[in-house]
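Here the structure is laid out as structure tokens; the discussion comes afterwards.
The values are calculated or read from the model by the stated rules, or taken from the named source; none is laboratory data. Since this is a predicted model, take the numbers as computed values, not measurements. Glycine also receives a Cβ, built like all others from the backbone with ideal geometry; neighbour counts cover every protein chain displayed.
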Amino acid sequence: MKNKIKDMPKDQRPYEKCESFGPECLADAELLAVIIRTGCEGKQSVELAADIIRKGGVDGILGICRLDIRELMDIKGIGRVKAIQIKCIGELAKRISKSTVCKKLIFNNPKIIADYFMEECRHKEKEELKVIMLNSKSLYLGDVNVSVGTVNASYASAREVFIEAFRYKAVAIVLLHNHPSGDCMPSRQDIEVTKKIKEAGEIIGIKLIDHIIIGDNKYISLTEKGLIL
């Protein structure tokens, strides 16, 4: 069976459809087919792309971001090169999405912060603790991952957190980490670590505004819950 985009009927080719009507007219599988270019024995590229999207589970094309290279290579027709291409295009999409948000974003509300980092964090398989740097007007200065842990825990020392805060000349910080389980309820250790970092910040003059925990498309703010006073 023909398995290249150029072998498809002209009116079904993603390249021609994109050129004539724009990329927004392409289905998810067609967009991905443009990246992988060729199919495999018995399947055209669009059919193979549909297999990849199904592998992502209920989240469809968004679920591809959770697949590692080995999982992608388990799909018939996906070798090392195609798997790397797919992972890179997923990472590129995340970075483009993040960079389109204005650098002058004001992080004065937990929902704004959670929405900004949700797609980056909610699919991670291990907990990662991020410190977000702010100036005196709550303008976003940058963020750094200070710890990557197991599935259950990720903790950084106050020293690691404030080294980054000083580097960015931050006046205030927000801690943010994900729960791979999808449940964003804080553990006792989450609360204890947060209080210790808050106390250290008070001594050196950098305020901890909040600690936000990201779950599966939901979040909890420890400040809103009254857990850090």
- Item | Given (1) buried (at least 20 other Cβ atoms within 10 Å of the Cβ); (2) part of a helix (DSSP H, G or I), number of the condition Arg95 does not satisfy | (1)
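Given the condition in contact with a Leu (Cβ under 9 Å, 6 or more places away or on another chain), at pLDDT 85 or above and surrounded by 12 or more Cβ atoms within 10 Å (Cβ to Cβ), answer yes or no: does some residue in region 1-13 qualify?
Taking region 1-13 as the starting set, the residues that turn out to be in contact with a Leu (Cβ under 9 Å, 6 or more places away or on another chain) are 3.
Pick out the ones that are also at pLDDT 85 or above and you get none.
For region 1-13, residues in contact with a Leu (Cβ under 9 Å, 6 or more places away or on another chain), at pLDDT 85 or above and surrounded by 12 or more Cβ atoms within 10 Å (Cβ to Cβ): absent.
Which fully enclosed helices (runs of 4 or more DSSP H) of region 10-75 have 2 or more residues being farther than 22 Å from Glu91 by Cβ?
Values: elements: 14-21, 28-36, 45-55, 69-73.
Ranges flagged: 14-21, 45-55.
Ile197 - would you say it is of a type in the set (A, V, I, L, M, F, W, C), under 30 Å from Val58 (Cβ atoms) and buried (at least 21 other Cβ atoms within 10 Å of the Cβ)? Step through it out loud before you land on a result.
Values: of a type in the set (A, V, I, L, M, F, W, C): yes; under 30 Å from Val58 (Cβ atoms): no; buried (at least 21 other Cβ atoms within 10 Å of the Cβ): yes.
The answer is no for Ile197.
For every residue, the table says whether it meets (1) in contact with a helix residue (DSSP H, G or I) (Cβ under 9 Å, 6 or more places away or on another chain); (2) modelled with pLDDT of 80 or more; (3) closer than 24 Å to Ile220 by Cα; (4) polar (S, T, N, Q).
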{"residue": "Asp59", "(1), (2), (3), (4)": "yes, no, yes, no"}
{"residue": "Gly63", "(1), (2), (3), (4)": "yes, yes, yes, no"}
{"residue": "Ala83", "(1), (2), (3), (4)": "yes, yes, no, no"}
{"residue": "Lys98", "(1), (2), (3), (4)": "yes, no, yes, no"}
{"residue": "Ile106", "(1), (2), (3), (4)": "yes, yes, yes, no"}
